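Working notes for the structure below.
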Amino acid sequence: MAGLSESQRKFYEEALQQTRREIQEIEGQIQEELSRVKERIAELQVAQKAARQMYDAACQRLGIANDLEGDASGG
(Lines give C-alpha, C1' and ligand atoms only; values in the text may rest on other atoms or scores of the structure.)
Protein backbone atom coordinates (compact mmCIF):
# COMPACT_ATOMS: atom_id res chain seq x y z
CA MET A 1 0.00 0.00 0.00
CA ALA A 2 2.17 2.78 -1.28
CA GLY A 3 1.67 6.26 0.08
CA LEU A 4 -0.18 5.32 3.29
CA SER A 5 1.15 5.85 6.74
CA GLU A 6 1.00 2.98 9.23
CA SER A 7 -2.02 4.51 10.99
CA GLN A 8 -3.83 5.06 7.68
CA ARG A 9 -3.12 1.48 6.63
CA LYS A 10 -4.43 0.17 9.94
CA PHE A 11 -7.56 2.35 9.64
CA TYR A 12 -8.37 1.02 6.18
CA GLU A 13 -7.66 -2.61 7.14
CA GLU A 14 -10.05 -2.31 10.09
CA ALA A 15 -12.67 -0.65 7.88
CA LEU A 16 -12.25 -3.48 5.38
CA GLN A 17 -12.76 -6.14 8.05
CA GLN A 18 -15.73 -4.38 9.60
CA THR A 19 -17.51 -3.81 6.31
CA ARG A 20 -16.84 -7.40 5.25
CA ARG A 21 -18.59 -8.58 8.44
CA GLU A 22 -21.48 -6.19 7.79
CA ILE A 23 -21.85 -7.46 4.23
CA GLN A 24 -21.89 -11.06 5.41
CA GLU A 25 -24.45 -10.24 8.10
CA ILE A 26 -26.69 -8.47 5.61
CA GLU A 27 -26.38 -11.38 3.18
CA GLY A 28 -27.53 -13.71 5.96
CA GLN A 29 -30.53 -11.47 6.63
CA ILE A 30 -31.37 -11.39 2.93
CA GLN A 31 -31.30 -15.19 2.77
CA GLU A 32 -33.58 -15.44 5.83
CA GLU A 33 -36.08 -13.01 4.29
CA LEU A 34 -36.01 -14.84 0.95
CA SER A 35 -36.69 -18.09 2.74
CA ARG A 36 -39.70 -16.59 4.53
CA VAL A 37 -41.05 -15.09 1.32
CA LYS A 38 -40.66 -18.36 -0.59
CA GLU A 39 -42.45 -20.22 2.20
CA ARG A 40 -45.32 -17.72 2.18
CA ILE A 41 -45.62 -17.86 -1.60
CA ALA A 42 -45.82 -21.66 -1.43
CA GLU A 43 -48.61 -21.41 1.18
CA LEU A 44 -50.52 -18.94 -0.98
CA GLN A 45 -50.12 -21.14 -4.06
CA VAL A 46 -51.58 -24.11 -2.18
CA ALA A 47 -54.52 -21.99 -1.01
CA GLN A 48 -55.04 -20.65 -4.52
CA LYS A 49 -55.01 -24.16 -5.99
CA ALA A 50 -57.60 -25.32 -3.46
CA ALA A 51 -59.81 -22.30 -4.16
CA ARG A 52 -59.53 -22.89 -7.92
CA GLN A 53 -60.59 -26.51 -7.45
CA MET A 54 -63.62 -25.38 -5.48
CA TYR A 55 -64.40 -22.73 -8.10
CA ASP A 56 -64.16 -25.30 -10.86
CA ALA A 57 -66.42 -27.71 -8.98
CA ALA A 58 -69.00 -24.95 -8.44
CA CYS A 59 -68.89 -24.08 -12.15
CA GLN A 60 -69.43 -27.73 -13.04
CA ARG A 61 -72.37 -28.04 -10.62
CA LEU A 62 -73.94 -24.90 -12.06
CA GLY A 63 -73.30 -26.08 -15.60
CA ILE A 64 -71.35 -22.96 -16.54
CA ALA A 65 -67.93 -22.49 -18.08
CA ASN A 66 -65.03 -21.90 -15.72
CA ASP A 67 -63.89 -18.42 -16.72
CA LEU A 68 -60.68 -18.89 -14.72
CA GLU A 69 -59.64 -22.05 -16.55
CA GLY A 70 -56.36 -21.48 -18.32
CA ASP A 71 -55.79 -18.17 -16.50
CA ALA A 72 -52.05 -17.48 -16.58
CA SER A 73 -52.06 -16.15 -13.00
CA GLY A 74 -53.25 -19.46 -11.59
CA GLY A 75 -51.32 -22.51 -10.50
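At-a-glance table
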{"read-out": "Residues within the stretch 45-69 that are basic (K, R) and either surrounded by 11 or more Cβ atoms within 10 Å (Cβ to Cβ) or within 26 Å of the chain's Cα centre (by Cα) (or both), tallied", "value": "2"}
{"read-out": "Flag for L44 being in contact with a Phe, Trp or Tyr (Cβ under 8 Å, 6 or more places away or on another chain) and of a type in the set (A, V, I, L, M)", "value": "no"}
{"read-out": "Residue check, A42 small (G, A, S), surrounded by 11 or more Cβ atoms within 10 Å (Cβ to Cβ) and free of Cβ contacts under 8 Å to residues at least 40 places away in the same chain", "value": "no"}
{"read-out": "Of the criteria (1) surrounded by 10 or more Cβ atoms within 10 Å (Cβ to Cβ); (2) at pLDDT below 95, which one A72 fails", "value": "(1)"}
{"read-out": "Residues being of a type in the set (S, T, N, Q) and either on the phi > 0 side of the Ramachandran plot or in a helix (DSSP H, G or I) (or both) - total across the stretch 53-75", "value": "2"}
{"read-out": "In the stretch 1-52, residue modelled with the highest pLDDT [restricted to those that are outside any helix (DSSP H, G or I) and of a type in the set (G, A, S)]", "value": "S5"}
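The values are calculated or read from the model by the stated rules, or taken from the named source; none is laboratory data. Just so it is clear, the structure is predicted and the values come from calculations on it, not from any experiment. In this analysis, Cβ positions are derived from the backbone assuming ideal geometry, glycine residues included, and neighbour counts consider all displayed protein chains.
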